[in-house]
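Visitor: Please see the structure below; I have some questions.
No lab work stands behind these numbers, since they all come straight from the coordinates. Because the structure is a prediction, the values reported are computed rather than measured. Glycine gets a Cβ as well: all are built from the backbone with ideal geometry, and neighbour counts include every protein chain shown.
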Amino acid sequence: MRPFKVNRNTTLLLAGFFAGAILFLLFFVSANLLSGKSALSLPFVASAGSTTSEAVNATVSPTSEWTVTPVFAPALTATPTPIFTATPLPPEGEAFSIGESIEGKPLEMYRFGSGPIVRVIIGAIHGGYESNTATLVYLLRDDLKSGLIAVPEEITLYLLPVFNPDGFYDYLNLPAGRSNYRGVDLNRNWDAYWAADWDRTRCFNYAYLTAGEFPFSEPETVALRDFLLNNRADALISYHSAMSAIFAGGRPEPDPASDDLARALSAASLYLYPPTNDPGCQYTGQLIDWASANGIAAVDVELTDHQSNDILINRKLLEAFLAWRRPMVSE
C-alpha cells in the first residue's frame, strides 16, 4: 500500500475547512441576536426563578409607564419637657386632714418644720379611754407654735392628737371609747401578727373589742398607714396611758432602731424601758410592730395615769425625740 503523505495542499485545505466552520458559527449566533431572541432585549420580569445575573442584566421595557408618588417627611415637633413640681407642704401649725373615721370625723394632723427626716407623734389611738394623750399632744402643738420647742432644720414633725375621733368624742373618759364606732381596737388592726381574737387573760378588759374583720379593715388605720408610707416616716411615737413605761416595736424582739429610740426617750423622761411592769398581755396587730417591720423606728409611750398629761416630762421627751438619730448599722 502506498503510504499517506500530508503535503502542503492538504494542510491548506484543512485550514480552510476549520476557518469556514468558525465563520458559520459566528454567523448563526449573530443571526439569533439580531432576530430578538436574546434576553438582553426582553423586558425584566422578576420571578421566583430569576437569578442574580438575570436581575443585573435586565432592562426596563420602554413601553412601561412610571408614576412617582411623592413621600413627604413628617413634620417634626419638639416634645415639651415635663415640669415636676413638689407636693406643697400643708401650712405650718394649721390642721389638715389625712382621712376620716368610720363615722366621718376628720383625722387632723399638724406640721412643724420642713426637713427631710420625718417624725410623727400620735395621740388617742384608744380614743376617750386615753383622752389625756390627746390633751398632751395638743399642748405640745401649742409649745411648737409658740417657739418654746424648736424643730431642727433637718426635721419635719407631724402631730396627730386624736387618731380615734369616734371613741374620743363619743365616749370621753369611758372604757367604751377605746374602740372606734364599729367596736374595733385601732391598735390591733395593723398587718403585724394580726389575729381575729387573742388571749385576753392578762389584758385590760374594760370593754369588748375586736381586731376588725382583717388587717386594715378600718378607714382610720388605712389613712395613717398611707400617710406614713407616702411621707417616708423615719420614726414615730404612739401615746398611751397608763403604765409609765415605753414599749419598742418589733417582734419577737425589738428591732435595733426602735430599741435605740426607746432607750433615748427613757433616759430623757424616766419612763421605764424595758417595761418591767408589763402584765404579759398578748399583743397582736399593733401599730408599732407594723411600723418597725416597715423600717420606721416606733415606740409606745405610756403616761403615768389616765388623768395627768405629763407635759413637763414630755417636753424633754419631745426634745430627745427630735434630737435622736438612727444608729449606724455595721456591715
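Visitor: Most exposed first by the Cβ proxy, i.e. fewest other Cβ within 10 Å, how do 118, 137 rank?
Guide: Values: 118 20, 137 23.
Taking fewest neighbouring Cβ atoms as first place, the list is 118, 137.
Visitor: May I ask you to sort 94, 319, 302 by Cβ crowding, counting other Cβ atoms within 10 Å and putting the fewest first?
Guide: The fewest-first ordering by Cβ neighbours comes to 94, 319, 302.
Visitor: Separate question: ³J(HN,Hα) across the range 90-97 via Karplus (A = 6.51, B = -1.76, C = 1.60, θ = phi - 60°), whole Hz, x for Gly/Pro?
Guide: x, x, 5, x, 10, 5, 9, 9
Visitor: State, to one decimal in nm², a quarter of the convex hull surface area for the C-alpha atoms of the range 96-323, i.e. the direction-averaged projected area.
Guide: For the range 96-323, the mean projected area of the Cα convex hull comes to 10.7 nm².
Visitor: Mind computing the radius of gyration and Dmax over the alpha-carbon atoms of the range 156-258? Å is fine for both.
Guide: Spelled out, the Cα radius of gyration and Dmax of the range 156-258 are 14.3, 40 Å.
Visitor: Pairs of Cα atoms under 8 Å, at least six residues apart: use those to get the relative contact order of the range 96-323, whole percent.
Guide: 24 percent
Visitor: If you find the alpha carbon centre of the range 228-272 and of the range 148-162, how far apart are they in angstrom?
Guide: 17 Å
Visitor: With only Lys, Arg, Asp and Glu charged, each at its Cβ (+1 for the first two, -1 for the last two), find how big the charge dipole of the range 96-323 is about the Cα centre; round to the nearest 20 debye.
Guide: Computed about the Cα centre, the dipole is about 260 debye.
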